[in-house]
Amino acid sequence: MRFEGDAFISYAHMDNVELIEGRKGWVANLHRALEVRLGQLLGKQPQIWRDPKLAGNDVLADTLMERVRRVVAMISVISPRYVKSEWTRKELSEFYRAAEQQGGTQVRDKARIFKVLKTPVPVDMHPPEVRSLLGYEFYKIDPETGRVRELDEVFGPEAQREFWIRLDDLAHDLCCVLEMLEGEEQRSATNPGETRCVFLAETSSDLREQREMIKRDLEQHGFTVLPAYTLPMIATDLEAQIKNDLARCVMSIHLVGKGYSIVPEGAVHSLVEIQNELAIERGTQGDFSRLLWIPVGLNVEDVRQRRVLDELRMDPRLQEGADLLETPIEDLRTVYQGRLQSQTEPKREATPARSSTASVQRLYLMYDSRDQDAVAPYADYLFEQKLEVIHPVFEGDEVELREYHEENLRVCDGALIFYGSVNECWLRRKLREIQKSAGFGRTKPPATVGVVLINTAPSSDDVWCPPAKKNQFRTHEALVISQLDGFSPTQFSSFLDRLTGGEGGRQPHAR
C-alpha cells in the first residue's frame, strides 16, 4: 500500500482554541512539537497534517476523508468534545475501516492509532476503535484537590516539561510504526519473529511515572513492552490476556507502591497481585525471570497494601529466576538490563577451579552491621578450621554492594546467617536469597546453609528479637545452631561435617 502521509491528527476544534489571545492553540502546539521531534528521530521531514477548520458538509469533506484513508497513522486527541463530535468519530471510523483493508490496524504489537488523552474521559465513553488502546496522558491530576491540569506551558515550567516527556514517548512510538511499515531496519531486531518481549505489570498511580520511565528504557533498548492494550477489568478476560502476554515474554517487572490497586470484577485480589501470581505460573515453564521492586522507605497507610507487601517479602517462591528489590530505581534498571543481556548471550561452561584452591571451602557469613563484634569470635574459629571466611560489606555504592553480595552467593560453598539484632523477616529474606542464587549464575551444587542464634543486647527498635523467641525458630531449609548461651564451637560440628563432606551432621538441628 502506498501511503500519502505519515500521520493525521483528528481533534475537536474546540480543543484548539487559544487559552491566551495571541498564542497558538493546544493542538497546534502538539502538531508543531510532534513534527519537530519525529523529524529528528526519522532523520527526515515527516508529513503530519490536520484539518485546520471543521469541514462538516463542506465540498472538501470527501477529499479530506480520502486523505485520511491514505495515512500511515492516526492521532486521536481524546476530550469530552471529541467523543461527542460526529465528525471526529467519522474520521476515526474511516481510518479504522481503511486500515483493516490495508492489512490491519496494528503492526506487530504497535497500533496504527495513537490515543492522546488531552482531558480525562471515562473509558466507556471512548470510541470503540480506541477503547482498548493505552493512551498518552497529557494531563496531571492534583492529588490534593483532584483537579485536572492539562500539560500546557500556561500552567508553568513543570507542566511544560511533562508535556515534552509525553510528546517524546508519542514520537518514539510513531517513529517505530513508520519505520516498520516503510520496511526500514529496526533497532530491536532484523527478524520480526525474534522480537523480545518484556511484561511490565500495571501498577498503582503513585508509581506511574517510574513505570513510564522503565517502559521508555526498555523500548529504546529494542524490547517490545506488554501489555500493549488496556487490560480488561473482568477477571476471566483479564487473566486470559495476561497469560497470553506472559507467554511471549522472557521477563516480567512488577513495581509495587503504596496504593492498593484496583480489584477487577469477579476477582478477590488486586490487579498487582493477580499479575504477580500469573507471572509465577509463567516462570514454572522456564526461560523466564521475574523482578519485583518496592521503593526505598515506602510509607504505606492502607492496611490491605501492607498485607500485600508483607506477603511478597515473605513469599518462599522468590527463588530461581525471581528477585525482590527494595532499592533506588536505578538499581532495578541495572538488574533487569543485566539479566536481559545475559539471556541473549550464549551460555558458557564454567571454568574449572585451579587445583591450588580446589580444596578450600568458601563460607559466606551473613549478618547485620550491628552484630560485627558479636560475630568476630565465630569468624576467627571458622577461619582456623581452614575455611575461607567471607564477610559482608556495609559501606559503598549500593549497586556495587549488591553485586558483591550476589557474587558471594554464586561462589560460596556454605553460608551462615546470624540471627542477632534482626527480626525473623530479615532472616527469611536471606534464606530466600540463598535459594535463588542459581538466578545469579551459580553453577555449583546448593550451598550448605546454617542459621546461628546469637544473643544481642536489648534494643528499643522494632527489629530486636528476644532470646526466648529466637529459641523457637525452626526451619527445614538450614541447620539451626543455637549459641544463645554463648560461643560453643562444638555445636558447629554437624554443619562443618556437611560443609566439608564429613560423616557427622545427620540431625535436622544442632542445638
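The values are calculated or read from the model by the stated rules, or taken from the named source; none is laboratory data. It should be emphasised that the depicted structure is a prediction, and the values quoted were computed from it without experimental measurement. Methodologically, a virtual Cβ is constructed for each residue, glycine included, from the backbone with ideal geometry; neighbour enumeration extends over all protein chains shown. Remember, those area values only see protein heavy atoms, side chains included, never the ligands or the DNA or RNA. Shrake-Rupley method; radii C 1.70, N 1.55, O 1.52, S 1.80 Å.
Here are some conditions: (1) open to solvent by 60 Å² or more (accessible area, probe 1.4 Å); (2) at pLDDT 90 or above; (3) not basic (Lys, Arg); (4) not in a helix (DSSP H, G or I). Residue 40 meets all but one. Which one does it not meet?
(4)
Right, residue 368: surrounded by fewer than 14 Cβ atoms within 10 Å (Cβ to Cβ) and either at pLDDT 85 or above or under 33 Å from the mean Cα position of the chain (by Cα) (or both) or not?
Details: surrounded by fewer than 14 Cβ atoms within 10 Å (Cβ to Cβ): no; either at pLDDT 85 or above or under 33 Å from the mean Cα position of the chain (by Cα) (or both): yes.
Judged against the criteria, residue 368 is not a match.
When you scan the range 409-423, how many residues do you find that are touching a Phe, Trp or Tyr at 6+ places or on another chain (Cβ under 7 Å) and open to solvent by 40 Å² or more (accessible area, probe 1.4 Å)?
Total meeting the criteria: 1.
Of the conditions (1) modelled with pLDDT under 90; (2) in a loop (DSSP other than H, G, I, E, B); (3) open to solvent by 100 Å² or more (accessible area, probe 1.4 Å), residue 55 fails just one. Which one is it?
All conditions pass for residue 55, except number (3).
Restricted to the range 430-439, and to residues that are of a type in the set (D, E, K, R) and either out of contact with any Leu (no Cβ under 8 Å at 6 or more places or on another chain) or open to solvent by less than 20 Å² (accessible area, probe 1.4 Å) (or both), which residue is farthest from residue 493 (Cα to Cα)?
Kept after step one, since they are of a type in the set (D, E, K, R), are these residues of the range 430-439: 430, 432-433, 436.
Adding the requirement that they be either out of contact with any Leu (no Cβ under 8 Å at 6 or more places or on another chain) or open to solvent by less than 20 Å² (accessible area, probe 1.4 Å) (or both) leaves 430, 432, 436.
Values: 430: 23, 432: 25, 436: 26 Å.
Filtering first and then ranking leaves 436.
Residues are listed down the side, and each one gets a yes or a no for (1) touching a Cys at 6+ places or on another chain (Cβ under 7 Å); (2) part of a helix (DSSP H, G or I); (3) of a type in the set (A, V, I, L, M, F, W, C); (4) surrounded by fewer than 21 Cβ atoms within 10 Å (Cβ to Cβ):
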position	(1), (2), (3), (4)
198	yes, no, yes, no
203	no, no, no, no
206	no, yes, no, yes
212	no, yes, no, yes
219	no, yes, no, yes
222	no, no, no, yes
237	no, yes, no, yes
241	no, yes, no, yes
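How many residues are hydroxyl-bearing (Ser, Thr, Tyr) and either open to solvent by 30 Å² or more (accessible area, probe 1.4 Å) or not in a loop (DSSP other than H, G, I, E, B) (or both) when one looks only at the range 254-296? Working first, answer last.
Going through the range 254-296, the residues hydroxyl-bearing (Ser, Thr, Tyr) turn out to be 260-261, 270, 284, 289.
Right, trim to either open to solvent by 30 Å² or more (accessible area, probe 1.4 Å) or not in a loop (DSSP other than H, G, I, E, B) (or both) and you get 260, 284, 289.
Total satisfying the criteria: 3.
Any residue at all in the range 124-139 that's within 22 Å of residue 241 (Cβ to Cβ), crowded, with 16+ Cβ neighbours inside 10 Å, more than 23 Å from the chain's Cα centre (by Cα) and of a type in the set (A, V, I, L, M)?
The answer is yes; a qualifying residue exists.
Please state which of the following conditions residue 402 fails to meet, knowing it meets all the rest: (1) open to solvent by 60 Å² or more (accessible area, probe 1.4 Å); (2) farther than 21 Å from residue 477 by Cα; (3) part of a helix (DSSP H, G or I); (4) of a type in the set (D, E, K, R).
(1)
Being farther than 22 Å from residue 67 by Cβ and assigned to a strand (DSSP E or B) is true for just one of 131, 81, 149. Which residue is that?
Working: 131 fails: assigned to a strand (DSSP E or B); 81 fails: assigned to a strand (DSSP E or B).
Of the residues listed, the single one that is farther than 22 Å from residue 67 by Cβ and assigned to a strand (DSSP E or B) is 149.
Does any residue of the range 88-102 turn out to be assigned to a helix (DSSP H, G or I), open to solvent by 30 Å² or more (accessible area, probe 1.4 Å), touching a residue at least 12 places away in the same chain (Cβ under 8 Å) and hydrophobic (A, V, I, L, M, F, W, C)?
no
What single numbered condition from (1) at pLDDT below 90; (2) within 33 Å of the chain's Cα centre (by Cα); (3) exposed (fewer than 14 other Cβ atoms within 10 Å of the Cβ) fails to hold for residue 466?
(2)
Got at least one residue in the range 64-74 being modelled with pLDDT under 90, open to solvent by less than 60 Å² (accessible area, probe 1.4 Å) and out of contact with any strand residue (DSSP E or B) (no Cβ under 9 Å at 6 or more places or on another chain)?
Checked the range 64-74: at least one residue is modelled with pLDDT under 90, open to solvent by less than 60 Å² (accessible area, probe 1.4 Å) and out of contact with any strand residue (DSSP E or B) (no Cβ under 9 Å at 6 or more places or on another chain).
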